[in-house]
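Asks: Pasting in a structure now, in C-alpha cells, and then I'll have a few things to ask.
Where a number appears in this text, it was derived from the coordinates with a stated rule and is not lab data. Worth saying up front: this structure is predicted, and the values here are computed from it rather than measured. Cβ: placed from backbone, ideal geometry, glycine included. Neighbour counts: every protein chain shown.
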C-alpha cells in the first residue's frame, strides 16, 4: 500500500478551510472552501515551463510524485467503527495544459518527470491522488478513537495535463458499525476529554464514544495468576552455560543465611521465564528438611534468544528464580524405567548442530522494512565492479565423532544485505566457500535478511581438522541498462552459520546431551560409548522425568544403553552424579508489588537503583509542586527498573518489559489512569557491553525501525499503550544521566526553575534559523518558518521574540543576522522557549553552535525549553548528545530539550512545532509533557510522520511548567510618561501620553482602566480615566490636561487600580512624574527678593526667564 506523506497545519495558523454544516450521531456534514487560498505559478526549469502551487498550507513530499497541497480534519469515532463519505456538491475548476513537477529530496530544485526520480504515476492517465478525500487508519489516544481524513484541494493528471481544483466541496461523512460497538464500562478521563475538544470536529458526540478504562484485553497476567508471589522469599540464580547445575545447602547459607533455616524440601520451587522447572532434591539425611549436606540439581539452559535472533541481544546470563517457602509443593523429577524391553531401533548416533556466531558489528539498517531481523553481525563482505573488497572468513574445527555411515552435513547461514539500489535487481550475489571450496552462489535484493541452507556431500567437499567458512561478493550484479554509469557496489553482513551432522554417541567423558529427532520417534534404544563413569542418570526436563537405571555394560566400548519412547523432539541430558556446574552467583531478591492493581499512580518515576536518592528528591518536590491542576491529589510513585524486569521479563533486561509495565499500570491500576512517566537514567544499544568504549545502559529505550535512519531509540513507544499505533497515551520524558552527581544536577535545576524572578525574559522566546549555505536557506525557508512562529503565535498573544538568522535571504532578515556568538548572547539574555530550525547532529547545530558553546553560556536562572526537532540532537542512545549536554550542564543551559533520536523531515518538524506553539501560546498549555502529548496526537499517520512522532524525544521532566506568564501583567513607570509641550504653561492645554507595558499575556475580551490625576500642594485632582482593551507588549493612551497652578505638579498614573482585569502582579501599576508648570502673567523675580529696600540709585534685578522653555520672548518693565 502506498504511503503518502501528509501534513496539515493548525487552523490557527492558516485561514480555516472548513465549516461544520450539520453534525449528528449518525453523520457529519462539512463544507470545505479553498477559494483564494492557493496560487498556480509558472516556473522555468532547463528552459521549460512548469507549474507550481503555492499557498498557506503544507504540501506532499513523496519522491517522484506531484507536489500538491493537503489538509486534514479529524473525527472521533467509536472503537471498531469505520467511516464512509458522500460528496454532496463539488464546485471545481479544471485547468488545461498544466504540469506539476514531482518532488525530489536530493536537490534544491524540483525534478523533471523524465528523470529517474519521477514516479511511475507520471505514465498513468489518471488523477493523482485518485480521490479528493482520503480516509486514513484510525488511531487510539488513551480512551478515544481518532480518525484522520485527508482533503486534497487539487488533483493532477500528468498525461492529459489537467489540474482539477476543488474550490468548494460539501462532504457528508457517515459512521459505520456504530451499533456493533461493545460498551466496555465507559469512564471519564480528563486528558482524553481535553484533547478531543481541540482535535476533532464532532466533540459534542465523540466525547460520549470514549471506551472504558480497560482499553483492550491484555495478555499480561494479573498478580493472582502470575508465578511471582512477592510474599515469598526469592533468590536469583545466574548462569551462562547449558548443563547440569547443583545448588547445595551450603551455597544457600552463604548467599542468604537468614533464608536457609527450616526449609521444607517439598516447598522448594525453581522458575525461569515464568515457567516452573523440575528439580531433583537430594535429602541426604532423610529429615525432609533442606540442610547440612543436602543439595538439588536442575538442567540449566542459556538465556533464550531474542525475537528474530539466535542470541539474546540484551543479556549474557540467564536467571533462575528459587523460592524456599512456596505455598504448594514444587515440581520434581519422576523416576521412570530406562531399560524396558520391546524397543524398535538402536541408535548409535544423534543429530548434532554446531552454531557459530559472534556479535561484533551493530547496524541500524535504515532501508530495512521492519524490526523482524537481527541488527548485530559478525562481519562483512563487499565488492565493487567485479573486485572483492572484503572477504568474510571464520575458522571452525572438523566435526568431532562424525558418524561414518552418513556423508551428508547440512550448512545453514544467515546474511543481510546492506547496499540497496533501485536501479539494480538483485542487489546482492554472494559466493559461499568452505575452506576455499565453492559451495553455492545466492542472490537476493535490498536491505533484507537471507537464510541459506544446503546439504553438502563430504565425499565431494573435504572437511579438514581446521576449516574456514568464507563469503565473498564482487559487485558483478546487473544494473539497469538505462543507467550505465551506475556503480555496482555490493555489501552484505554475515550473521551466523551452523552445521548439522550425524554424530556418533561417543562421549569420552561424563556428560552428554542428545536430542531425539523425527527419525528417533517411537520406542527406541540409545547407545552411548566411552562413558568414563560407573553411574549415569538421564534428565528429561520437558517431561519432568529422570532415568536412573540405564544399562551400564562395562564392556570394551564402555557402552551405556537406555530405552525411551518419544513422539516429539526430546532432550536427554546424560550425566554422572559427579558432573555438575555451580551457578555463577546467587542474589537475594528485593520483593516488589507492581502487579498489585489496588494501587494508583499519576506521576511515575522509573529509575535505576544508582539514582534512587535523586528520584526521592524529585518525588518529594513533586508532592508539593505539581503544576497539572487537573490532578487534584497527585499520586507519585518511584519504580526501580530491576523490579520491572523481575515482574515483567523474569528478571532479564528487556525494553519491552518497561512498555508492558506501563501498559499494565495504565489499564489496570485503580483511579485515574497514568498521566506522566519520567525515566531517570541514560541508555546504550550495547546492552551486553560488548564494546569496551560504549556507554553503560541504565534505563533502556524501545527499539523502533525508522525509514532511512533505521533502528532507533524511542521512549515514545513506551507510552503508546492504547493501540497498535505510534500515538503516545502518556506524557514521557527522560532525565538522562550516568552518575548520581549528574542525576542531582538535573533535579537541582528542576527544583530551582525558574530561578530568575525577572519579567522580561519570561515573556521572550528566541528563534534561531541556520542552514548550510544561502541556497539551503532558499530551499528550506528556515528564516520565514521562524518568522511565522512569531507572527502567528507569539505576537498575537503578547509575547516577544528575538531572532538570529545565519543566512538572511530577504531584506527583512538582515537585522537578525548572526551565528554562534549571537546565539549565546540570545540565550544568556533570557528566553523561556528557544526554537531551532536548521540542520543538526549529535553534538551541534549546523556547526555554528557546539557542545563547547553550551558550557560558555551564562544564563543562570533563565533556563529555556529548547525545541530542536532536527536530526540527531536528541540522539541519547549511547551518546552524551547535544540535548543531554544542554540539560546536564550545572546551573545553566536548558531546563528541557525536545529533539529527535534519529533523522527528521523538516516539513514534519515544522508541523509538529506549529502544533506545539499552538498548544503553549494559544491554549496556554504550559506543562511541556502535556503540550507535547497533544502535539503528537493531532494527526497520527504512517510513514515519515509516524517516524517523527516516534523519535521526537523529550529530555527533561514532562511535568515542567514553562515560566511564561499566565495572566496579563500591566506596568507603568515614570520614564513612560511624556508631555507636550515639554514645559507646560498654566491655563494652556498639555498632551500627556502614557506608554503602558504588558509583561504578561493578552487577555482577549478583557479591558483595563487607566487613570490620570495631578497632585498640587497635597491636593489630588482627577484629570481623566480611559478604558482600553487588553494589549500585547506595549500600548499607549493620551490625556489632555490644563494645569491651573504654577510650580510643581505631580502627575499620577494608575493602571487597573480597581483590579477589574486579573493580573499576575499589581506592584508596578502606579507611577508619578513631577512636572513644573509656568505662569506667564507674572514675572519670576529671583532678586531682589520681595520687601527689599535700598537708597542706591542703581538696583540690580535678576529674572528667571521662562521664555526659553515656552518658546516666547518676554519684555520686562520696572516701575
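Asks: Once fully extended, how much extra length lies between residue 267 and residue 978, figured as 0.36 nm per residue of separation less the alpha-carbon to alpha-carbon distance?
Replies: On the way: separation 711, 0.36 × 711 = 255.96 nm, distance 9.10 nm.
Result for the pair: 246.9 nm of gain on full extension.
Asks: Another one. May I ask you to derive the FRET efficiency for residue 453 and residue 48 from their Cβ-Cβ distance with R0 = 41 Å, giving the value to the nearest 0.05?
Replies: Numbers: r = 54 Å, r/R0 = 1.31.
Result of the calculation: an efficiency of 0.15.
Asks: Turning to a different aspect of this structure: Which stretch or stretches of region 274-300 have amide N atoms under 18 Å from the point lying 7 Å from residue 328's Cα along the Cα→Cβ direction?
Replies: The answer is 274-279.
Asks: Provide the gained length on full extension for the span residue 1005 to residue 587, in nm with one decimal, where the gain is 0.36 nm per separating residue minus the Cα-Cα distance. Could you put the intermediate results ahead of the total?
Replies: Numbers: separation 418, 0.36 × 418 = 150.48 nm, distance 6.57 nm.
This chain segment gains 143.9 nm when fully extended.
Asks: Report, to the nearest 10°, how far helix 190-199 tilts away from the longest principal axis of the Cα atoms in the chain, using its own Cα long axis and a range of 0 to 90°.
Replies: Rounded to the nearest ten degrees, it is 70.
Asks: List, largest first, the extents of the alpha carbons of region 984-1095 along their principal axes, each in whole Å.
Replies: Principal-axis extents of region 984-1095 (Cα, largest first): 74, 24, 21 Å.
Asks: Still on this model: For region 587-706, take N as its residue count and report Rg(C-alpha) divided by 2.2 N^0.38 Å. Mind dumping the intermediate values first?
Replies: Numbers: Rg = 15.2 Å, N = 120, 2.2 N^0.38 = 13.6 Å.
Rounded to two decimals, the normalised Rg is 1.12.
Asks: Next question. Need one number: nm distance between label points at residue 578 and residue 1040, each 7 Å from Cα along Cα→Cβ, rounded to one decimal.
Replies: Distance between label points: 12.0 nm.
Asks: Relative to the present Cα-Cα distance, how much length would full extension add between residue 353 and residue 289 at 0.36 nm per residue of separation?
Replies: Working: separation 64, 0.36 × 64 = 23.04 nm, distance 4.14 nm.
Stretched fully, the residue 353-residue 289 segment lengthens by 18.9 nm.
Asks: Further question on the same structure: Rounding to the nearest 10 and keeping the result within 0 to 90°, find how far the Cα-based axis of helix 906-917 lies from the longest principal axis of the chain.
Replies: Taking Cα atoms only, the helix is inclined about 60 degrees.
Asks: With a/c under 1.5 counting as rounded, go ahead and sort region 829-932 into rounded, prolate or oblate using the C-alpha gyration tensor (a ≥ b ≥ c being the square roots of the eigenvalues; past the cut-off, prolate if a/b is larger than b/c, else oblate).
Replies: The shape class here is oblate.
Asks: Quick check on the exposure proxy: order 570, 49 from fewest to most C-beta atoms within 10 angstrom. Could the numbers behind the result be given before it?
Replies: Values: 570 19, 49 10.
Fewest to most other Cβ atoms nearby, the residues stand as 49, 570.
Asks: Give me Rg/Rg_expected for region 18-206, where Rg uses Cα atoms only and Rg_expected = 2.2 N^0.38 Å with N residues.
Replies: On the way: Rg = 19.4 Å, N = 189, 2.2 N^0.38 = 16.1 Å.
Compared with the compact-globule rule of thumb, region 18-206 sits at 1.20.
Asks: Let me ask you something else. Label-point separation (nm) for residue 39 and residue 851, each offset 7 Å from Cα along Cα-to-Cβ?
Replies: 4.7
Asks: I've got another one for you. So how far, in whole Å, is the C-alpha centre of region 66-108 from the one of region 775-816?
Replies: 29
Asks: Same structure, new question: Kindly work out what percent of the DSSP beta bridges joining two residues of the chain are antiparallel, to the nearest 5. Please report the intermediate quantities before stating the final value.
Replies: Details: 213 of 261 bridges.
Taking every DSSP beta bridge with both residues in the chain, the antiparallel ones total about 80 percent.
Asks: Post the alpha-carbon centroid distance, region 1027-1077 to region 624-683, in whole angstrom.
Replies: One Cα centre to the other: 53 Å.
Asks: With a 10 Å Cβ neighbour count serving as the proxy for reagent exposure, in which order, fewest first, do 500, 1094, 722 appear?
Replies: Ranking 500, 1094, 722 by Cβ neighbours within 10 Å, fewest first, gives 1094, 500, 722.
Asks: Against the longest principal axis of the chain, how steep is helix 612-624, in degrees 0 to 90 to the nearest 10, with axes from Cα atoms?
Replies: 40
Asks: With viscosity set to 0.890 mPa s at 25 °C, what whole-number translational diffusion coefficient in µm²/s follows for region 959-1030 from Stokes-Einstein and a Kirkwood radius over Cα pairs? The partial results should precede the final answer.
Replies: On the way: Rh = 15.0 Å.
D = 164 µm²/s.
Asks: Using Cα centres only, tell me the gap between region 224-285 and region 337-355 in whole Å.
Replies: 32
Asks: Nearest-5 percent of antiparallel DSSP beta bridges in region 754-943?
Replies: Working: 4 of 23 bridges.
Of the beta bridges lying entirely in region 754-943, close to 15 percent run antiparallel.
Asks: Turning to a different aspect of this structure: At R0 = 51 Å, how high is the FRET efficiency between residue 568 and residue 696 if r is their beta carbon distance? Nearest 0.05 is fine.
Replies: Details: r = 43 Å, r/R0 = 0.83.
The pair residue 568/residue 696 has a calculated efficiency of 0.75.
Asks: With each pseudo-label sitting 7 Å past Cα toward Cβ, what's the residue 523-residue 238 distance in nm, one decimal?
Replies: Taking the two extended label points, one gets 4.8 nm.
Asks: Mind giving me the FRET efficiency for residue 548 and residue 302? R0 is 25 Å, r the Cβ-Cβ distance, nearest 0.05 is fine.
Replies: On the way: r = 26 Å, r/R0 = 1.04.
Once the sixth-power term is evaluated, E becomes 0.45.
Asks: Across the Cα atoms of the chain, what radius of gyration and what greatest pairwise Cα-Cα distance (Dmax) are found, in Å?
Replies: So, for the chain, Rg and Dmax equal 38.9, 161 Å respectively.
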